[in-house]
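Data first, discussion second: the structure below is written as structure tokens.
The values are calculated or read from the model by the stated rules, or taken from the named source; none is laboratory data. Since this is a predicted model, take the numbers as computed values, not measurements. FYI the Cβ positions are ideal-geometry reconstructions off the backbone, even for glycines, and counts take in every protein chain you see. Accessible surface is based on the protein model in full, side chains and every heavy atom, while ligands, DNA and RNA are left aside. Shrake-Rupley method; radii C 1.70, N 1.55, O 1.52, S 1.80 Å.
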Amino acid sequence: MTAPPDDCLARNEWICGAYLSTRREILVDAVIQHLQLTAAAVAIALVLAVPLALAARRWRWAAGPVLGLTTILYTIPSLAMFSLLLPVYGLSAALVVAGLVLYSLTLLVRNILAGLRAVPEETRQAARGMGYGPLRLLLAVELPLALPAAMAGLRIATVSAVSLVTVGAIVGHGGLGNLIYSGMNTYFKAQVLTASVLCVIIAVAADLLLLGAGRLLTPWTRRRA
């Protein structure tokens, strides 16, 4: 018995509108989980990266260990990273978030530190001459001038996290990766393609959103360009 001519699900086609209409809730839930895991990981990594970069900038002896440790973490394969964290977090979403945080630290720390180091010394001296204390100098001068480099790192870290979330499917918390993984196991073409395209859309949208935010937060870079 052959499938009806309009039944793309029965024919297991790659592009299938019926899949979108019949699996809408599953797709929405997967997208939401994907966004939640990505946002949580990048936010936590950013909170950790700022003080690490500040410490590395303030104390030269700390720069080597901080950059070295984060670089070593970044070189660990994702499956191995999740396996190492498994005894601590178990098969939970926290396992995926923790792994993504460790991966994101390298990109964020390096870019924030590069931005802080790029602040001209004469600018710091001028601020001190105007009565700026260490905290005010950091918040009003150094961090704003370091924003372009920091935002570049944030963009890369976010796009990388969107991609790496899919690996979390091995523990059942991979967002759209769950659909890709199960679709590949059953050779469900429409599911694999749809979930993969949605991952790309999320990554591109996040990158454009952060690019726009960076332009709004650093208007002086547009005037200089």
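Taking +1 at the Cβ of each Lys and Arg and -1 at the Cβ of each Asp and Glu, which of Val141, Leu85, Gly172 sits farthest along the dipole of the chain towards its positive end, judged by Cα position relative to the Cα centre?
Result: Val141, furthest along the dipole toward the positive end.
Rounding to the nearest 10 and keeping the result within 0 to 90°, find how far the Cα-based axis of helix 24-58 lies from the longest principal axis of the chain.
Roughly 20 degrees, rounded to the nearest 10.
Take each of the peptides 124-130, 175-181, average the number of other beta-carbon atoms within 10 Å over its residues, and list them starting from the highest.
Peptide ranking by packing, descending: 175-181, 124-130.
Would you report the distance distribution of C-alpha pairs in the stretch 3-100 as whole percents per 5 angstrom bin, up to the bin with the largest distance?
Going out from 0 Å in 5 Å bins, the stretch 3-100 shows 2, 11, 12, 14, 13, 10, 11, 8, 6, 5, 4, 2, 1, 0, 0 percent.
Over every pair of different alpha-carbon atoms in the stretch 55-173, take the mean of 1/r and invert it; report that Kirkwood radius in Å.
Values: mean 1/r = 0.0623 Å⁻¹.
One over the average 1/r among Cα pairs gives 16.1 Å for the stretch 55-173.
Taking Cα atoms, how many degrees apart are the long axis of helix 189-217 and the longest axis of the chain, rounded to 10 and kept between 0 and 90?
20
Running a GNM on the chain with Cα contacts under 10 Å, which residue among Thr166, Thr38, Thr194 ends up with the highest mean-square fluctuation?
So, out of Thr166, Thr38, Thr194, the one fluctuating most is Thr194.
Express the carbon and sulfur contribution to the solvent-accessible surface of the stretch 1-132 as a percent, rounded to the nearest whole number, probe 1.4 angstrom.
67
Checking a compactness column here: for the stretch 106-197, what do you get for Rg(Cα) / (2.2 N^0.38 Å), N being the number of residues?
1.75
Please grab the % of Cα pairs in the stretch 166-208 that end up more than 11 Å from each other.
Tail of P(r) above 11 Å: 60 percent of Cα pairs.
Between Leu135 and Val200, how high is the FRET efficiency from 1/(1 + (r/R0)^6) when r is the Cβ-Cβ distance and R₀ = 35 Å? Nearest 0.05.
Efficiency, rounded to the nearest 0.05: 0.25.
Solvent-accessible area per residue for the chain at a 1.4 Å probe radius, Å²? The partial results should precede the final answer.
On the way: 12380 Å² over 225 residues.
Result: 55 Å² of accessible area for each residue.
Give me the angle, in degrees from 0 to 90, between the Cα long axis of helix 78-89 and the longest principal axis of the Cα atoms of the chain, rounded to the nearest 10.
80
Tell me, which cysteines of the chain are without a disulfide-compatible partner by the Cβ under 4.7 Å rule?
So far as the 4.7 Å Cβ criterion goes, Cys199 stand without a partner in the chain.
Hey, if you drop one equal point scatterer on each alpha-carbon of the chain and run the Debye formula without solvent, what base-10 log of I(q)/I(0) do you get at q = 0.08, 0.11, 0.17 Å⁻¹?
Evaluating at q = 0.08, 0.11, 0.17 Å⁻¹ gives log10 I(q)/I(0) of -0.39, -0.66, -1.16.
Only Lys, Arg, Asp and Glu count, each charged at its Cβ (+1, +1, -1, -1), so figure out the dipole size of the chain about its Cα centre, rounded to 20 debye.
1040
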